[in-house]
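Trainee: Before I ask anything, let me first share the structure, which is written out below as structure tokens.
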Amino acid sequence: MTDLQQLRHQINAVDDKLIALLAKRQSLSLQVGQHKLDNQLKIRDIPREESLLTALVEKARQHNLSPHYVTGLFQLIIEDSVRTQQRQFSQQQSHVAQELSAIKVAFLGNKGSYSNIAVSRYFESVDQDVIEIGCDNFRMIFNQVEQRHADYALLPLVNTSSGSINEVYDLLQQTSLAIIGELTIPVDHGILVKGHTDLNQIHTLYGHPQPFAQSSQFLAQYPHLKFEYVDSSSTAMQLVADSDDPYIAAIGSETGGKMYDLCSIESNIANQQENYTRFIAVARSPIEVSEAVPAKTTFIMSTGQHPGALADALQVFASRKINMTRLESRPVQGNPWQELFYVDVMANVESAPMQEVLSELTRITRFVKVLGCYPTADVHSAKIPAPVLARQPLDAIVDKPSVISRGLNAPLSSLAHKPQPTRISLGNCHIGGGDFAVFAGPDTLEDPQRFAQCVAMAVDHGAQVIHGACFKSSSNPYDYQGPGLAGLDWFNQTTQPIKVPVMTEVTHLEHLRQIASQVDILQIGAANMQNYPLLKAAGNTTRPIVLERGSVVSLDEWLKAADYLLSQGNQQIILCERGIRSADHQTRSIIDLSAIALLRERTHLPILLNPCDGVTQADDIAPLALAARKLGVDGIMLNIHPDPLNAKVAPHQTLNFEQFVHLMNQLF
């Protein structure tokens, strides 16, 4: 046996032990779940989860393991424990009828459709055999359960890219079935063919209308394609599999395509990289959900037509601190000018606050009907506080603006318009409103390997956002100007598996839509701060926007540029001070620290500082960052690189990894 074979044999032995330990942990988790069930304790204990993760990070460091790697691993383990205990509670409450030797489930399409994949995942833990009943349309699915040909049905309800499945919402108006569960699955659309045909040779593409809508931006690059709509993705795959024409293709999942011996020649083609579909499970009878289990309630209501009718109904939830997660309107069938509202709330229908809500709604609405109460599929990971990753906590000093009376015609960026600080949230990352965030990454993307090194270093030591320019504006045409749109693929490949928000600069109006579909935060650089067509277009996106201050503009001009963005509807604007022009060549530009204090008196918007552009040597970055932290800035933007002196852009304005880690320890 060679040395390599011996090492691999040892790794296999370690993997076997890991599997055995995971099984043992799951067994213990079930025992904990039984104790919670017997004593009516809640499944989630967030403080316990956070303290566990904090302790594990410290142990990871003792073994020279990446804190982010260990955190991500144990977040998955904890999420699995939560879901295991939820299933345990549900099964003991007869979520799935135990008296049946086999259960019949109706869904859209046949084998390989997304609905078929959802069925497999939703019922994977039941003891009974699952008999799958493929259907041609949604009406048939409802009929199968209503007429007792099936026990359950899985129905797609909403997609993060194309939105609501209106036909399903409309059928929910009429049915007597109850929602008993939900499931969210990732949707990875691909182009599926027999053999290895080039996409440019394809003349016809088959698919369900939803995947076409969700992949419209990619498909627009191939105007020669003829689209043929069918009733499901599985039908499309079957047509291609049965055909002798090598130049036709289906749009569907790679997993489904394998069931038909099709191969994927393009993958991940959806408009949004984070593309998910939420499914609901329905049955003839509702279920009872233990109050120990996080639950959702879905219901429909119809309000009056007088001014404030909907607002009055929504206030009922707010007054009882019930969180609404979705509000969807559809016309009342037979009454086209009346709206029916579908509402999802994070509450158990049997809880006292929810019963009060329903009672009050019966008095102020025309119609209210509960469609179901069920365990929520949303299991949000407990997070590690940034100071834990940065090792050394430091009390933040945050200036609180004085309360100013609201003005109806005040600028949208002003405290007169909004006295409370704006807080922008991206998953577990929060910017503004008392939270402090670090943005870190290379000034400009150079290659995937160096970028991956920067990401690993940044997240392991507490950075909450990754940044890097795909396009780098330069006055010198011979300077490196970034990888262009190809850099977006580097973002996806490196940051998506670890679910960290990413930001890149938009320099051209024609790139805005594509960039906005693939990153979490847009950056408008100093050179474009007064590019008003770009500001107006960016303000129409739903992405948070970091607006850098131009090098020769006043605070008034900067805030007016922010108002351009705000006036288009996007209220997620972050200001970034990065220096104003100086006559002294030794300082490049002057970091205007006084602007932080002055802005606090004038605006509710979060404020970042990028100290890197105002220095001529990297050693000066830390003092500026620490000073800004003391002044109450909401975040810092840092350039990092494994070998700054050989960086293609801003070598003297970039921290090496050792400098970055030391600064993070000082900031927190």
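Trainee: Given axes a ≥ b ≥ c from the Cα gyration tensor, I'd like to know whether region 1-58 is rounded (a/c under 1.5), prolate (a/b larger than b/c) or oblate. Before the final figure, lay out each step's value.
Mentor: On the way: a/c = 7.47, a/b = 2.23, b/c = 3.34.
Here region 1-58 falls in the oblate category.
Trainee: For an R0 of 56 angstrom, estimate the FRET efficiency from the Cβ-Cβ distance between residue 355 and residue 665 and round to the nearest 0.05. Intermediate results must be reported in sequence, preceding the final value.
Mentor: Working: r = 51 Å, r/R0 = 0.91.
Once rounded, the FRET efficiency stands at 0.65.
Trainee: Can you tell me what share of the DSSP beta bridges in the chain is antiparallel? A percent to the nearest 5 is fine. Walk me through the intermediate numbers first.
Mentor: Working: 52 of 94 bridges.
About 55 percent, rounded to the nearest 5.
Trainee: Arrange the following residues from fewest to most other Cβ atoms within 10 Å of their Cβ: 354, 637, 324.
Mentor: Details: 354 22, 637 26, 324 13.
In increasing order of surrounding Cβ atoms, one gets 324, 354, 637.
Trainee: So if we plug the beta-carbon distance of residue 7 and residue 489 into 1/(1 + (r/R0)^6) with R0 = 41 Å, what FRET efficiency do we get, rounded to 0.05?
Mentor: Details: r = 33 Å, r/R0 = 0.80.
Efficiency, rounded to the nearest 0.05: 0.80.
Trainee: With labels modelled as points extended 7 Å from the Cα through the Cβ direction, what inter-label distance (nm, one decimal) is found for residue 527 paired with residue 149?
Mentor: Going by the 7 Å Cα→Cβ label model, 6.3 nm.
Trainee: Follow-up question, since we're still on this one. Just grab the label-to-label distance for residue 321 and residue 241, each label 7 Å out from Cα along the Cβ direction, in nm (one decimal).
Mentor: In this crude label model, residue 321 to residue 241 measures out at 5.3 nm.
Trainee: Which option, [x] 27.9; [y] 28.7; [z] 32.8, is the value of Kirkwood radius over Cα pairs in Å that was calculated from these coordinates?
Mentor: [x]
Trainee: Relative contact order for region 417-667: what percent, with Cα pairs under 8 Å and sequence separation of 6 or more?
Mentor: On the way: 489 pairs, mean separation 47.8, N = 251.
Relative contact order for region 417-667 comes out at 19 percent.
Trainee: Further question on the same structure: With a 10 Å radius around each residue's Cβ, average the other Cβ atoms per peptide and rank 461-469, 659-667, highest first.
Mentor: Numbers: 461-469: 26.0, 659-667: 19.4.
Output ranking for 461-469, 659-667: 461-469, 659-667.
Trainee: Right, here's the next one. Once label points are set 7 Å from the Cα along Cα→Cβ at both residue 626 and residue 120, what is their separation, rounded to one decimal in nm?
Mentor: The two pseudo-label positions are separated by 5.6 nm.
Trainee: Additional query: Would you calculate a helix-derived [θ] at 222 nm for the chain, using -39,500 (n - 2.57) for each DSSP H run of n ≥ 4 and dividing by the full residue count, to the nearest 500?
Mentor: On the way: 21 runs with 237 residues, N = 668.
Estimated from H runs of four or more residues: -11000 deg cm²/dmol.
Trainee: Out of the DSSP beta bridges found with both residues in region 189-276, what percent are antiparallel (nearest 5)? Intermediate results must be reported in sequence, preceding the final value.
Mentor: Details: 7 of 14 bridges.
The antiparallel proportion sits near 50 percent.
Trainee: Sticking with this structure for a sec: What is the order of 245, 198, fewest Cβ neighbours within 10 Å to most?
Mentor: Working: 245 13, 198 9.
Listed from fewest to most nearby Cβ atoms, that is 198, 245.
Trainee: Further question: Please compute the length gained on full extension between residue 567 and residue 590, using 0.36 nm multiplied by the number of residues separating them and subtracting their Cα-Cα distance.
Mentor: Numbers: separation 23, 0.36 × 23 = 8.28 nm, distance 3.00 nm.
Full extension from residue 567 to residue 590 adds 5.3 nm.
Trainee: Below 24 Å, Cα to Cα, which lysines can residue 536 reach? Residues fewer than 8 away in the same chain don't count.
Mentor: 418, 472, 560
Trainee: Turning to a different aspect of this structure: Distance between the C-alpha centers of region 1-66 and region 488-562? Whole Å please.
Mentor: So the two Cα centres are separated by 40 Å.
Trainee: Give, as a single signed number, the net charge of other residues whose beta carbon lies under 13 Å from the beta carbon of residue 459, with Lys and Arg counted +1 and Asp and Glu -1. Please report the intermediate quantities before stating the final value.
Mentor: Working: positive: 383, 499; negative: 460.
Here the charged neighbours net out to +1.
Trainee: May I ask you to sort 607, 364 by Cβ crowding, counting other Cβ atoms within 10 Å and putting the fewest first?
Mentor: On the way: 607 23, 364 15.
In increasing order of surrounding Cβ atoms, one gets 364, 607.
Trainee: Continuing with this model, one more query. For the pairs 226/258; 296/321; 17/383; 111/258, note any where the Cα-Cα span goes beyond 18 Å.
Mentor: Numbers: 226/258 24 Å; 296/321 14 Å; 17/383 27 Å; 111/258 11 Å.
Distance filter (> 18 Å) returns 226/258; 17/383.
Only the coordinates and a few stated rules stand behind these numbers; no lab work does. Only a predicted model underlies this, so the values are computations on that prediction, with no experimental measurement involved. Virtual Cβ from ideal backbone geometry, glycine too; neighbours counted across all protein chains shown.
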